[in-house]
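Working notes, structure below.
The values are calculated or read from the model by the stated rules, or taken from the named source; none is laboratory data. Small disclaimer: the values here were computed from a predicted structure and weren't measured. Cβ placement follows ideal geometry from the backbone for every residue including glycine, while neighbour counts extend to all protein chains displayed. Side chains included, ligands, DNA and RNA excluded: accessible areas come from the protein's heavy atoms. Shrake-Rupley method; radii C 1.70, N 1.55, O 1.52, S 1.80 Å.
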Amino acid sequence: MSHQIILDCDPGHDDAIALLLALGNPDIELVAVTTVGGNAALDQVTRNALAVLTMAGATEVPIAAGCGRPLLRPIEVAADVHGDSGLDGVVLPQPTVRLDPRHGVDLIIDTVLAAAPKTITLVPTGPLTNIALAIRKEPRIVDRVAEVVLMGGGVHVGNWSAVAEFNVKTDPEAARIVFETAWPVTMVGLDVTHQALATDAVAERVKALGTPLAEFVLGLFAFFRQAYRDAQGFDFPPVHDPVAVARVIDPSIVGTVRVPITVETVGEQTLGMTVADFRRAAPPDCHTQAALTLAADRFWDLVIDAIDRLGKARDHA
Ligand code: BDR
Ligand code: CA
């Protein structure tokens, strides 16, 4: 079954892999890409997204630039894990994909309203600014979206503070709007993405594909590995964002539990924490769920298969 998704992203090494998974998997139809300031400034991440689409030969996917900063706070980029450009460590092609002149928020709204109800899944892999603004600008999207499967947050873990994850902490007010809106939200957080490690064995499998696209992915892994070693003490980098796409492709790869989740927006030590209330069984109207388990081997099978397909298609283009 094909799933139509809008990927709202801030590439970002792992966002780039999420784009490649979405483009290379036969069960996903990437109907739009929107960008948001996050890992780097908006013009950088937009250029990166255009370059990755170009690299993948995806010239027909509408792509628009969204918000350049969080709703209430100044932008806080993640140069220590992605470099100043957001995609340091690889040579990007000159983009041949054209940017849609619409604002990203409008592209999201137009795409959702033009589609049949409950057919589009939103997959945000950056700060949630565009999604929150889209809800406020056009509340009718809430009932029309099939679900929101976002990379962000976590139940027992943080990376941008002891208890908060980067995408949520960067724009906690936007995240709060998205989590508290009554639509199905799946939080694919650090509990699972810290298991999606690009190990040597994974890199070997990518290398064996032998395409220029595979080499590009290896370049992404190499930079990300060193950055995660230096910044967060990981042996191998957690490739967060494609886990959300994998959850849409095959929900059995990412195990979830229904639990009420909200976002801390005022805490001195806990700003941006995703607060999951496990004290009792989730009430029947609970619309949020948290991802807690990952079948990492099957996840990497999906990613490597997508890189292979795209790489071969490029070779034959
Ligand atoms: C998230 O933060 C970003 O740096 C990554 O692209 C990912 O979306 C992980 O916390
Ligand atoms: Ca991201």
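Subtracting the Cα-Cα distance of Asp297 and Asp235 from 0.36 nm times their residue separation leaves 20.5 nm of extension gain.
The label-point distance for Cys286 and Val266, in a model that sets each label 7 Å from Cα toward Cβ, rounds to 2.5 nm. At full extension, Lys118 and Asp250 could sit 45.7 nm farther apart than now, given 0.36 nm per residue minus the alpha carbon distance. Peptides 215-224, 276-285 ranked from most to least packed, by the mean per-residue count of other Cβ atoms within 10 Å: 215-224, 276-285.
In the range 3-315, a dipole from Cβ-located charges (positive for Lys and Arg, negative for Asp and Glu) runs towards its positive end, and of Asn130, Val192, Phe299 it is Asn130 whose Cα lies farthest in that direction.
With n ≥ 4 as the cut-off for DSSP H runs, can you work out [θ] at 222 nm for the chain, using -39500 (n - 2.57) per run divided by the number of residues, rounded to the nearest 500?
Working: 13 runs with 131 residues, N = 317.
Roughly -12000 deg cm²/dmol at 222 nm, from the helical runs in the chain.
Stretched out straight at 0.36 nm per residue, the stretch from Ala201 to Glu215 would grow longer than its current Cα-Cα span by 3.5 nm. Of the three principal axes defined by the Cα atoms of the range 3-315, the extents in descending order read 50, 42, 37 Å.
The range 85-136 and the range 261-316 have Cα centres spaced 18 Å apart. Taking every protein chain into account, the accessible area of the range 236-317 amounts to 47 square angstrom per residue (probe 1.4 Å). Highest mobility in the GNM of the chain, judged by mean-square fluctuation with C-alpha springs under 10 Å and restricted to Glu147, Glu173, Glu60, is found for Glu60. The range 142-157 and the range 1-57 have Cα centres spaced 17 Å apart. Placing +1 on the Cβ of every Lys and Arg and -1 on the Cβ of every Asp and Glu, with nothing else charged, gives the range 3-315 a dipole about its Cα centre of roughly 440 debye. Within the accessible area of the chain, what % is carbon and sulfur when the probe is 1.4 Å and the other protein chains stay in place? Carbon-and-sulfur percentage of accessible area, whole number: 53.
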